[in-house]
Amino acid sequence: RGRAVGILTPLPNLDATVRAGDTLIDPLHPARVSDHSAREIGARQRAIDGTHGSSKRAAIAAARKTERDALMQALQQRRAALELEIAQRLSAARTPTLFGERRGLDSSERRDLEHLRRARATCRTDIRRLTRNTIAAPFAIDAAFAPVLARRGGFDLVVGNPPWVRAERLPAATRDALAARYQWWRGSGAGWQHLPDLAIAFIQRSYQLLAPGGTLALLVPAKIATANYAVTARAALAARSTLHCVADLADDPRAGFEATAYPLALIATRRTPTAQHRVRLGLARNAPSEEQNRWTAAATWVTAAPEIQQLAARMAAAHPPFSDHIVAQLGVKTGANAAFVDPPESLYEWSRPAIRGRNIRPFSAMPGGMMLWPADDRGAPWESLPAPVAAYLQSHATRLGRRADQRSGPWWQMFRTRAATAPHRVVWRDLAATLQAAVVWQQRDVPLNSCYVAAVRSEAIAASVAAWLNATPIRVLARLTAEPAAGGCARFAARAVSAIPLPSAALGDPVLAAFAHAAADHDVQEALDARAAELLGLSTSEHAAINALAANRR
């Protein structure tokens, strides 16, 4: 084998064709080099072929200079276009109305103007860099590969393992730039949990760089198949591309690299899928597959075996979802746990036992510390604070007043307290290997926002719902759409739990409720699973398939 490798002829011109640079935030976007420049760059790059030694070095230098000249021209045109648009917007804002007043700018227009000014500043910086130091010129794929993009419209193949970076770890300016450029990357709501992983922007960029009929093959976080922030990306890919393979590699030994998230293989061609096209759910050619047209309007991409998906679909058709009966909500949010959670013992008089997600086990939710509670029994903030509480919270006053949810009301208030203080509550862990739920038996106990809460009408319903959520068939169905997390865990958010089937007969069912009371002293799992299977109408084979999948997840 060594001799065979030694006689291989090296691929020519790798030093001229392999390029490294940032293709995600391109300095030219949305501008492009001119067609004339693309043809000139192409001619210079072709002139490298067949040259050697000093002739090759000279040809490469000439090609790079042509690229830089084209980049400079495009950057100057981009700067001029930005300056013109800024001037036009300011002029429109200063133009008098029919009543002689200046129209001004609303908040959306001010944000757009700020984006334009930042883009102009970046463009000016790139021009200065290019003028002063040609070696440190900003990389622009539209210049480096202008002939490919101009002649073919993109690449035949884009392969990559993009970085998996949570949005909160990115600088604010980078987040703004990504949101302005990539529609798929824009957040789905307020808070960090709604901001996308950086891999989403790489997926859209990879798709943009494909020629018609070109294919992307990426290794991305598995949570992209279910996360709320990836809804736009999933919908676009399902509608516009032919998905060849969407494979969850969590249990694949070949994907055993060090990472804090599980990998998903994504292979797609930039071509509208046929009506009968099926997506492979594994890397092997004979892997199970799913009809792509089912994913076009689906909220998530479920990559489990088709027989389990069919069972989930049958359950969804046969029974109403959890959300038809009960609203799932996050626990109490403080926006500043340092001020409220685990206060000094001298403030326990005004505190309550706090339940964190890690305090919840099946049928058990024991408090794990205290929480300062400057509110009444329903969570409404006090009109004034006792002197010791006021003195303690005063050091946090500035931070409390700046919380995202603090729009009106006392600066010491807490948020999402209604469900968390209801008389009858069921709670479950946000992050866990499997769904784990319990009744909150003590009225003063307060679940925090690492838990989800369901407020119900009676103790009997609370006990039956807790038992239902701990049943193996329900755990398996919830895991299908839960967002994967590190360490074999998943996030059982409101969306995942709200979609599980909940037959009306299960609400207040005395057999289920009895399990919630007996679980502390007896192992009730087998009997509980049998009752859940009965209420769901599962066949023996369906029940066996669910148990097999649950066993594989352990």
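The values are calculated or read from the model by the stated rules, or taken from the named source; none is laboratory data. The structure displayed is predicted, hence computed values, not measured ones. All Cβ positions, even for glycine, are placed from backbone atoms using ideal geometry, and neighbour counts span all protein chains on display. With ligands, DNA and RNA removed, areas are computed over all heavy atoms of the protein, side chains included. Shrake-Rupley method; radii C 1.70, N 1.55, O 1.52, S 1.80 Å.
Computed values, structure above
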| item | result |
| --- | --- |
| Structure-based [θ]222 nm, the chain - -39500 (n - 2.57) summed over DSSP H runs of at least 4, per residue, nearest 500 | -12500 deg cm²/dmol |
| Proportion of all alpha-carbon pairs of the stretch 27-149 beyond 23 Å (%) | 46 |
| Distance between modelled label sites at V231 and R457, nm, 7 Å Cα→Cβ extension | 3.0 |
| 25 °C / 0.890 mPa s Stokes-Einstein diffusion coefficient of the stretch 236-392, Kirkwood radius on C-alpha pairs, µm²/s | 118 |
| Range in the chain, longest, excluding exposed chymotrypsin sites (Phe, Trp or Tyr not before Pro) [loop by DSSP; at most 11 other beta-carbon atoms within 10 Å] | 258-554 |
| With every protein chain in place, the chain: carbon and sulfur % of accessible area (1.4 Å) | 53 |
| GluC sites (Glu not before Pro) within the stretch 83-130, DSSP loop, no more than 13 other Cβ atoms inside 10 Å | E101 |
| Semi-axis lengths, Å, the stretch 439-554, gyration tensor of Cα atoms, sqrt of 5 times eigenvalues | 22, 20, 13 |
| Under 29 Å from K65, Cα to Cα: lysines that are on another chain or at least 8 residues apart | K56 |
| Local net charge near F155, Cβ-Cβ under 13 Å (Lys/Arg +1, Asp/Glu -1) | +3 |
| Contact order relative to length of the chain, as percent, for alpha carbon pairs under 8 angstrom and 6 or more apart | 10 |
| Residues S384 and L157, FRET efficiency given R0 of 51 Å [Cβ-Cβ distance, rounded to 0.05] | 0.15 |
| Under 20 Å from the S364 label point (7 Å along Cα→beta-carbon), backbone N, the stretch 504-539 | 513-529 |
| Two-decimal Rg/Rh across the stretch 322-457, once Rg and the Kirkwood Rh are taken from alpha-carbon atoms | 0.97 |
| Net length gained if the chain between A397 and A298 were fully extended (0.36 nm per residue, minus Cα distance) | 31.2 nm |
| Q276/Q310 FRET efficiency (R0 25 Å; Cβ-Cβ; nearest 0.05) | 0.90 |
| Accessible solvent surface per residue of the chain, calculated while the other protein chains remain in place, 1.4 angstrom probe, Å² | 50 |
| Segment D521-S541, extension gain: residue separation times 0.36 nm, minus the distance between their alpha carbons | 4.1 nm |
| Stretchable slack from A172 to A530, in nm (0.36 nm times residue separation minus alpha-carbon distance) | 123.7 nm |
| Quotient of Cα Rg and 2.2 N^0.38 Å for the chain, N being how many residues it contains | 1.20 |
| C-alpha center-to-center spacing [the stretch 50-112, the stretch 475-519] in angstrom | 53 |
| Whole-number D in µm²/s for the stretch 376-527 (Stokes-Einstein; Kirkwood sum over Cα pairs; 10 °C, 1.306 mPa s) | 91 |
| Förster radius 25 Å - calculated FRET efficiency between C489 and E349, Cβ distance, rounded to 0.05 | 0.10 |
| Between the stretch 11-46 and the stretch 398-468, the alpha-carbon center distance in angstrom | 55 |
